[in-house]
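Following: one structure in structure tokens, then a few remarks.
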Amino acid sequence: RRVHGGSSTFVISHMSAIQQLRDALDRADRAVAMDREGQYRDAIILYQEASSMISSQVTRVLEDQRSVLINYARLYTERATVLNTHLEQQESVPLPAPVIPSSNRSVPSNPFPAFAIDFEEEPIPTDSVRDVPPQAPSHRPYWLMRVLARILATGGHLTSRIYIPKAIWQLEGAKLAGLNVKMDACEALLDRLKQIESLDFDNADRLSKELDSFCMFINTVQNNLSRHFSYIHEATDDKKDEVVKSSFGQKMKALGASLAKGATRLGNVAVKTSSSDNSRYMQLITEVMEKSQFLEGWLSMAETEGWSNCIPKLSRVGDFFYSVICALVMRDCAIILEKYIRKVRESFARLYPRHAAK
């Protein structure tokens, strides 16, 4: 039967279920043919048989596919009711042709012809494609976070050629590393952003003072994440006193820090996550990217007013969101998207084993 959307497939748990559904859809095809030829009584019987057979197999398919089968059983029942009413009233006006889709019988290599799939492309929103990045590099982190937040919330284009569906975050079994660590960092960031969002700064000194405190906070967050994820670099402290790195004590201290970081990363292996965990993480990091947008307003104000002591600190804030928050989203998106594509491919291969072998 026709399935709307390229990622939806019927994955049947038992061969007997496949046979039953194939027989049901064969009856449905014959019902549609007789319906179009005006043989309504025979069509009614076949529609009812097809609906009953499909309903009996609903519990033997994957849960996310049951609604598709239930919908087709309902369509067949409704069409049989319409035909019954027509025969009882003996209307002289011909019935309109049935709108129930039929199987595609033109694929000779299909081992299960009743399960032929017609893919119908749905229009994809292009808002994120039209969101042109700003010229100023200091403003690009906030632009990228807007694009990523929209992709996580509704699905969207990462580039003009790459579209990421929202459904990837509902995937079961994707292996994400350090999910609890990431969520803790997001919650801490959200709390801090909410504290400073409502502050009103009327001079550069007040803004600079608050930025000093916020930069220390994000350095702490970044350093904690860097101990768990190798692609996040440790934040440097420009106010740290210069020390001689060649001394034995400093070398041993650096070795100890390196061993501690390695042990932390070894313990932070990727584990399978549930769709609820992924949704919670997606919600938190989306809130962080949306809530942090007011910082771009601070940056614009500092640039307009010429507050030179604030601009470098705001650039550091932007760099944190780009190299840490955006990096987390991009990495996890790539992992889950790869799993999503592989799962769709495997489902299709189970449905069309001969095509998969080729």
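Looking at S308, S315, S323, can you tell me which residue is without any contact (Cβ under 8 Å) to a residue 24 or more places away in the chain and either over 17 Å from V147 (Cα atoms) or among the polar types (S, T, N, Q) (or both)?
Values: S315 fails: without any contact (Cβ under 8 Å) to a residue 24 or more places away in the chain; S323 fails: without any contact (Cβ under 8 Å) to a residue 24 or more places away in the chain.
Exactly one of S308, S315, S323 is without any contact (Cβ under 8 Å) to a residue 24 or more places away in the chain and either over 17 Å from V147 (Cα atoms) or among the polar types (S, T, N, Q) (or both), namely S308.
Taking the condition closer than 21 Å to R227 by Cα and at pLDDT below 85, does G256 pass? I'd like the intermediate steps shown before the answer.
Values: closer than 21 Å to R227 by Cα: yes; at pLDDT below 85: yes.
Yes.
Restricting to region 339-358, name every residue that is farther than 20 Å from N180 by Cβ and either open to solvent by less than 70 Å² (accessible area, probe 1.4 Å) or modelled with pLDDT of 85 or more (or both).
Answer for region 339-358, where residues must be farther than 20 Å from N180 by Cβ and either open to solvent by less than 70 Å² (accessible area, probe 1.4 Å) or modelled with pLDDT of 85 or more (or both): Y340, V344, S347, A349, L351, Y352, P353, A356.
Can you pull out every residue in region 146-178 that is basic (K, R) and more than 8 Å from the chain's Cα centre (by Cα)?
So the first thing to find is which residues in region 146-178 are basic (K, R), and the list is 146, 150, 161, 166, 175.
The answer is R146, R150, R161, K175.
For region 176-201, enumerate the residues that are at pLDDT below 85 and surrounded by fewer than 13 Cβ atoms within 10 Å (Cβ to Cβ). Walk me through how you get there before you give the answer.
First pass over region 176-201, keeping only residues at pLDDT below 85: 176-177, 198-201.
Within region 176-201, S198, L199, D200 qualify.
Does any residue of region 232-251 turn out to be among the hydroxyl-bearing types (S, T, Y), within 26 Å of the chain's Cα centre (by Cα) and modelled with pLDDT of 70 or more? Spell out how you get there, then give the answer.
Within region 232-251, the first condition is being among the hydroxyl-bearing types (S, T, Y), and the residues that meet it are 236, 246-247.
From what's left, within 26 Å of the chain's Cα centre (by Cα): none.
There is no residue in region 232-251 that is among the hydroxyl-bearing types (S, T, Y), within 26 Å of the chain's Cα centre (by Cα) and modelled with pLDDT of 70 or more.
If you take the residues in region 202-231 that are of a type in the set (D, E) and at pLDDT 90 or above, which one is most open to solvent (accessible area, probe 1.4 Å)? First the steps, then the outcome.
Taking region 202-231 first, the residues of a type in the set (D, E) are 202, 205, 210, 212.
Retained after the next criterion (residues that are at pLDDT 90 or above): 210, 212.
Numbers: E210: 40, D212: 57 Å².
Here the residue is D212.
Tell me, which helices (runs of 4 or more DSSP H) wholly within region 1-97 include 2 or more residues that are at pLDDT 80 or above, touching a Lys or Arg at 6+ places or on another chain (Cβ under 6 Å) and surrounded by 20 or more Cβ atoms within 10 Å (Cβ to Cβ)?
Here the list reads 40-56.
The values are calculated or read from the model by the stated rules, or taken from the named source; none is laboratory data. Quantities reported herein were computed from a predicted structural model and do not represent experimental measurements. Don't worry about glycine lacking a Cβ; one is built from the backbone with ideal geometry, like all the others, and counts go over all protein chains shown. Calculation scope for accessible area: heavy atoms of the full protein, side chains included, ligands and nucleic acids excluded. Shrake-Rupley method; radii C 1.70, N 1.55, O 1.52, S 1.80 Å.
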